[in-house]
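Here is the structure we will look at.
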Amino acid sequence: MTTAISPYTLHTLDNGLRIVIERMPDVRSAAAGFLVQTGARDEVAAQAGVSHFLEHMMFKGTAKREWREITVDFDRMGSSYNAFTSEERTVYYGWVPKEHIGRQIELLADMMRSTLPPEEFDMEKKVILEEIAMAKDSLDHVMFDFLQEKAFAGHPLAWPILGYERTVGDLTRDTMWAYFQERYAPDNMTLVVAGHVDPDDVIGFARQHCGQWRASGTKSKRVPPNVHGGVDVLKVDQFKQQVVALTYPSVGAADERIETAAAVSTILGGDNSRFFWNIVQKGLSARAGAYHLDYTDSGCMILYAVCQPENAEKVVEALRFEANRLCTDGVQEHEVARVKNKRRTGLAVECEAPYHRLTQLMDDMECRGRPRTVDEMLAEVDAVSLDSVRDYLRACPLNGPGHLTSVGPRQWPNGA
């Protein structure tokens with residue numbers, strides 16, 4: 001069945017593969033990507049990291065192409081391509097001149113039927129283990145993984161996307177193959193195409209290259225997480241700076257308040273924010289900010305700062321002071337206007353590029369079940385107001401204890 005919602009065409013193949021197409025007749029390029037609804041939160045603890053490892057293996061060979069041919073074929077059509085894995089999705093994409101979109105879809109579709117070559121499995125495992133080792137050299141990376149582990153304890157969101165040395169090291173190809181067969185079924189995938197394309201051609205390409213795939217009947221078993229409170233400290237002697245963070249429950253990506261939540265994080269911790277002027281510019285911290293971490297069914301607001309270990313108390317006090325002032329006194333009209341103007345500009349720029357539209361459409365399909373027009377997105381930005389910020393802060397306050405995380409060379413606050 002095909003549904004045309006100008007400028008979108010929605011179609012579902014008999015095997016369940018969803019197709020979403022946005023026509024952009026004023027551009028000269030097109031982007032195509034497969035959204036696989038699988039990520040770290042769909043793994044069991046003993047297989048943590050399998051989704052990301054599998055992403056790597058999808059480039060390692062198919063029944064038609066060995067890994068070198070895959071790489072060369074991308075370059076032959078001038079594709080700007082990549083893939084990424086998150087907690088909730090795995091995405092493969094390519095952005096090409098419009099005349100090559102059929103070839104791009106064919107190549108991506110071929111990759112989605114990888115043979116997971118056994119001879120490449122052990123080699124790629126070494127690459128993943130090296131990535132995990134490199135992550136341990138990044139203070140930000142260590143901090144974020146530790147924060148997720150503690151704030152989402154008992155939930156699949158608690159483990160890192162890369163997995164652990166133990167779980168990746170113990171992973172077998174047979175285990176990965178079973179996961180691949182279940183999660184990379186067409187009824188758990190969406191083909192998204194944006195750019196100067198003919199929808200009928202795209203549907204034809206999809207039917208030709210994906211129509212024979214077998215559905216699995218896989219249903220998502222995701223359970224919304226709880227954001228825990230408390231204090232957790234990780235002492236890591238190799239770092240010279242301390243990172244402290246306060247985490248509070250918030251709304252998910254599908255919530256109508258998501259734009260307001262994003263505005264609050266920017267006012268508090270973005271460019272020219274309260275944290276910048278009242279914490280960084282006063283010399284308390286080298287870097288301080290706030291960001292809204294959102295999943296399809298939940299979210300959290302994270303207030304953080306990087307500082308000298310001896311300044312940890314003062315920095316946390318400053319973070320709490322600014323958050324409490326925001327909740328008590330609200331925001332100013334000029335702050336809301338500034339943030340909205342910057343958000344409008346960002347959307348306007350992104351909406352002119354097929355690749356960015358590709359990722360926006362993927363967000364919409366996963367979180368809302370339908371694509372949004374640019375005008376709809378801008379209308380949601382326009383709806384952010386003093387009142388919406390006040391209502392959000394009442395529902396998701398930032399002036400409580402929250403979850404305090406501290407990572408660095410100092411055992412604080414549970415020590416010296």
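The equivalent ellipsoid of the chain has semi-axes of 38, 28, 18 Å, largest first, where each one is the square root of 5 times an eigenvalue of the Cα gyration tensor.
Where the alpha-carbon atoms of region 245-306 are placed on the principal axes, they occupy 37, 18, 11 Å, in descending order. With all protein chains in place and a 1.4 Å probe, the accessible surface of region 280-350 carries 50 percent carbon and sulfur. Across region 74-215, the mean sequence separation of Cα contacts (distance under 8 Å, 6 or more residues apart), normalised by length, yields a relative contact order of 23 percent.
Based on C-alpha pairs under 8 angstrom that are at least 6 apart in sequence, the chain has a relative contact order of 20 percent.
The mean sequence distance of close C-alpha pairs (under 8 Å, at least 6 residues apart), as a share of the length of region 46-91, puts its relative contact order at 38 percent. The residues of the chain expose, per residue, 44 Å² of accessible area to a 1.4 Å probe. Most tightly packed first, judged by the mean number of other beta-carbon atoms within 10 Å of their residues, the peptides 370-377, 28-35 read 28-35, 370-377. Over all Cα atoms in region 1-93, the spread is summed up by Rg and Dmax: 16.1, 49 Å. Shape analysis of region 372-416 based on the Cα gyration tensor places the equivalent ellipsoid semi-axes at 38, 16, 7 Å, largest first.
With all projection directions averaged, the alpha carbon convex hull of region 157-223 covers 7.1 nm². Ligands, DNA and RNA left out, the 1.4 Å accessible surface of region 63-148 is 55% carbon and sulfur atoms. A convex hull fitted around the alpha carbon atoms of region 223-279 yields 140 Å³ per residue. Is the shape of region 294-416 best called rounded, prolate or oblate, per the rule: a/c under 1.5 gives rounded, else a/b larger than b/c gives prolate, else oblate, with a ≥ b ≥ c the square roots of the Cα gyration tensor eigenvalues? Note, shape of region 294-416 comes out prolate. Computed in the context of the full set of protein chains, the accessible area of region 168-220 at 1.4 Å probe radius has 42% of its extent on carbon or sulfur.
If you take the alpha carbon atoms of region 34-146 and fit the smallest convex hull around them, that volume is 123 Å³ per residue.
The values are calculated or read from the model by the stated rules, or taken from the named source; none is laboratory data. Keep in mind the model is a prediction, meaning the values are calculated, not measured. Cβ sites come from the backbone with ideal geometry, for glycine too, and all protein chains shown count toward neighbours. The area values use the complete protein model at the heavy-atom level, side chains included, leaving out ligands, DNA and RNA. Shrake-Rupley method; radii C 1.70, N 1.55, O 1.52, S 1.80 Å.
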